[in-house]
Structures are given as C-alpha cells and as structure tokens.
C-alpha cells in the first residue's frame with residue numbers, strides 16, 4: 001500500500017512509503033511568509049506529491065482545537081489535506097499523536113525520543129522530529145491498514 005503522511009506544524013514533516021522504501025523530508029514554508037502564502041505553497045507541494053506518488057492512503061496528524069497560532073495554521077493545513085484527499089479520491093485518516101507514538105514504542109515521548117524510536121523501529125534516519133512524526137504515522141497506518 002502506498003501511504004503518504006503529513007505532520008502539519010510550523011515545519012511540515014512529509015513521508016511516503018511505496019510498499020518497499022521510504023522517502024521523507026521537511027518542508028519549511030517560511031515563517032516570514034503570510035499565512036496565505038504558506039497555505040498556497042503547501043497546497044501546490046501536496047498536489048505535486050500526490051500526483052508523483054499516487055498514494056492509496058493519506059495519514060495526517062490530528063490536533064485538538066486550539067487558538068494558538070501554530071495550531072490554527074496546522075488546522076488549516078489539515079483542511080487542505082482533507083480537500084485534496086477528497087478531490088483525488090484518496091482515503092484519509094487523522095492520527096492522534098499518542099497513537100502513532102505508541103506504534104513506535106511509547107505514547108508520551110518528546111521529539112528527540114520519538115525520533116530515536118523511529119530510527120530503531122523502522123530502520124530509517126529522520127533528520128528532524130517532523131520527519132520522524134510523519135514516518136511514525138506511516139508505521140501506525142501500516143499496522144492498522146495492512147500496508148506493508
């Protein structure tokens with residue numbers, strides 16, 4: 001199963017699993033850019049990744065409602081994910097952070113801890129906590145959806 005995972009935050013963690021290999025990276029959309037600019041950049045980057053990888057499933061980290069600007073922006077990114085999943089007819093799951101963290105070894109880990117856990121459990125080398133989060137969601141999705 002081809003799975004795309006997105007960790008929406010100030011920096012975007014992106015990961016893709018094609019059934020055999022992982023690809024992952026961090027998107028820094030520029031803190032100096034307006035929200036509109038960042039959302040537009042995110043939209044077009046995500047369209048390109050969807051058309052490139054043709055995922056069968058998109059996993060995105062779910063967030064509780066919050067008025068914090070970082071979380072508000074992340075919720076807007078999630079809206080774009082849901083829109084594109086609908087337009088491209090791709091199944092989407094929102095993954096609670098404690099759920100994907102439990103899938104790599106523990107539900108209440110800090111970024112450095114889950115980055116290390118993802119390295120050990122999945123045999124990959126994420127360079128940022130954002131990449132580790134996206135990879136962790138892929139690991140969670142694989143165990144729940146039979147994707148690998």
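Please treat every number below as a calculation from the coordinates, not as lab data. Bear in mind that the values here come from a model prediction, so they are computed numbers and not experimental data. Note that we place each Cβ from the backbone using ideal geometry, even for glycine, and neighbour counts take in every protein chain shown.
A Stokes-Einstein calculation at 10 °C with viscosity 1.306 mPa s, built on the Kirkwood radius of the stretch 73-148 over Cα pairs, returns a diffusion coefficient of 121 µm²/s.
Where does each of 72, 128 land when they are ranked from fewest to most other beta-carbon atoms within 10 angstrom?
The order, fewest Cβ neighbours first, is 72, 128.
By the beta-carbon count within 10 Å of each Cβ, the least crowded to most crowded order of 52, 100, fewest first, is 52, 100. Computed over the stretch 3-145, relative contact order equals 31 percent, with contacts defined as Cα pairs under 8 Å that lie 6+ residues apart. Between residue 45 and residue 143, the modelled label-to-label distance comes to 2.8 nm, taking each label 7 Å out from Cα in the direction of the beta carbon.
Each label was represented as a point 7 Å from its Cα along the Cα-to-Cβ direction; for residue 62 and residue 96 these points are 0.7 nm apart. Select from 45, 63, 29 the residue whose mean-square fluctuation is largest in a Gaussian network model of the chain (Cα-Cα springs shorter than 10 Å). Result for the chain, Cα springs under 10 Å: 45 fluctuates most. The length gained by stretching the chain between residue 35 and residue 54 to full extension, at 0.36 nm per residue less their Cα-Cα distance, is 4.1 nm.
Building the convex hull from the alpha-carbon atoms of the stretch 3-145 and averaging its projection over directions returns 7.9 nm². For the chain, what is the percent of antiparallel DSSP beta bridges, rounded to the nearest 5? Approximately 55 percent, going by the DSSP bridge assignments.
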